[in-house]
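The values are calculated or read from the model by the stated rules, or taken from the named source; none is laboratory data. Computed from a prediction, not measured in an experiment: that's the story for all the values here. Note that each Cβ is placed from the backbone with ideal geometry, even for glycine, and that neighbours are counted across all protein chains shown. Remember, those area values only see protein heavy atoms, side chains included, never the ligands or the DNA or RNA. Shrake-Rupley method; radii C 1.70, N 1.55, O 1.52, S 1.80 Å.
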Amino acid sequence: MAAAAASPRRVSVFQSPQELGRALAQLVTEQAAAATGGRFSLGLSGGSLVDMLARELPSAAGPAAAPERWLVALCDERLVPLEHPESTTGAYQARLLPRLPPPGPRVLIPATGLAPAAAAADYAEQLRQAFPGEDVPVFDLLLLGIGPDGHTASLFPGHPLLQEDERIVAALTDSPKPPPQRITLTLPVLNAARAVVFVATGDSKAAVLKRILEGDAEENPLPAARVRPRSGRLRWLLDQAAAKELTLPVEKPPPS
Ligand code: 6PG
């Protein structure tokens with residue numbers, strides 16, 4: 001797959017994860033209010049993003065954001081039961097969804113009880129039905145995290161899935177980040193989105209962010225560095241700890 005043209009990217013650094021969370025919630029609700037076509041399609045990642053959204057999104061998601069028009073999918077999911085503490089779907093179902101105004105969004109629930117390949121095929125079919133006529137689903141907004149190793153969603157450095165350019169959802173059974181069995185959106189979907197926002201907080205992300213945002217172009221870019229949405233709308237929302245090794249000018253929004 002030819003590398004997509006590099007997208008202009010905006011890096012915003014916030015005083016704290018709380019400030020970042022408030023700005024993120026505002027960004028989500030503004031994009032939801034501006035979405036066209038009668039709905040807002042949103043892809044969510046797991047990890048620390050769950051609690052950040054659970055903390056900040058309910059108060060920001062007022063009537064204009066119309067969560068009942070949202071279609072929510074997971075950018076990746078661990079193949080564990082929904083009630084398992086490692087389930088991202090379960091975490092959103094417990095901590096965020098009940099706090100959004102009823103009836104709340106339509107959420108595509110991964111069939112995590114299936115075998116990995118079947119779970120991926122099932123989720124791909126759910127997406128095809130939710131995005132009729134789109135070989136590659138075009139999300140309005142994807143929220144991605146990044147690991148210290150540069151992984152995003154469940155796309156890990158050196159993994160064959162980085163070359164996947166046919167399937168929209170793939171399965172892996174060797175995730176270096178436990179749990180090992182996961183499904184994930186693939187790069188064609190991530191790069192088709194109208195907007196992608198990376199969210200990163202904490203010292204552990206500082207080195208990989210320096211490498212991705214200020215390093216030289218790499219022969220074999222890290223997974224997060226391969227996310228270059230063709231729309232050109234790519235933003236990085238960082239807290240000061242995650243941004244501490246950056247030297248290039250960044251946006252420092254005033255405290256909200
Ligand atoms: C997952 C995530 C994963 C996550 C990163 C960052 O379910 O594991 O989708 O890609 O976003 O590992 O996680 P933290 O924000 O918790 O560091």
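Shape call for the range 173-256 from the C-alpha gyration tensor, a ≥ b ≥ c root eigenvalues: rounded (a/c under 1.5), prolate (a/b greater than b/c) or oblate? Here the range 173-256 falls in the prolate category. Accessible area per residue for the chain is 43 Å², calculated with a 1.4 Å probe on protein heavy atoms, without ligands, DNA or RNA. Note on the chain: GNM, Cα springs under 10 Å; of Glu56, Glu77, Glu219, the largest mean-square fluctuation is that of Glu219. Label zone of Gln129 (point 7 Å out along Cα→Cβ, amide N under 13 Å): in the range 166-200 this covers no residue at all.
Looking at the chain, the DSSP beta bridges with both ends there are about 25 percent antiparallel.
Model label sites at Ser59 and Asp165, defined 7 Å from Cα along the beta-carbon direction, differ in position by 4.6 nm. Of the residues Ile183, Ile109, Ile168, which exhibits the maximal mean-square fluctuation in a Gaussian network model of the chain defined by a 10 Å Cα contact cut-off? Result: Ile109 has the largest fluctuation of those listed.
What shape does the range 141-206 have by the C-alpha gyration tensor, where a ≥ b ≥ c are the square roots of the eigenvalues, rounded means a/c under 1.5, and otherwise prolate means a/b greater than b/c and oblate the rest? Verdict is oblate for the range 141-206.
Rounded to the nearest 20, the size of the Cβ-charge dipole of the range 118-256 about its Cα centre is 380 debye, with Lys and Arg at +1 and Asp and Glu at -1. When the helices of the chain are scored as -39500 (n - 2.57) per DSSP H run of n ≥ 4 and the total is divided over every residue, the value at 222 nm lands at -8000 deg cm²/dmol. Applying Stokes-Einstein at 25 °C and 0.890 mPa s to the Kirkwood radius of the chain, computed over alpha-carbon pairs, gives a translational diffusion coefficient of 135 µm² s⁻¹. Counted residue by residue at 0.36 nm each, then reduced by the alpha carbon distance between them, the extension gain from Asn220 to Gln18 reaches 69.3 nm.
Magnitude of the charge dipole for the chain, about its Cα centre and with charges confined to Cβ atoms of Lys, Arg (+1) and Asp, Glu (-1), is about 600 debye. Pull out a ≥ b ≥ c, the square roots of the eigenvalues of the alpha-carbon gyration tensor of the range 171-215, then state rounded if a/c is under 1.5, prolate if not and a/b is larger than b/c, and oblate in the remaining case. Oblate. The slack between Lys177 and Glu86, meaning 0.36 nm per residue of separation minus the straight C-alpha distance, is 31.6 nm. The distance separating the Cα centre of the range 213-252 from that of the range 34-51 comes to 20 Å.
For the chain, which whole percent of the accessible surface, found with a 1.4 angstrom probe, sits on carbon and sulfur atoms? Please list the in-between numbers first.
Working: 5910 of 11040 Å².
Carbon plus sulfur share of accessible area: 54 percent.
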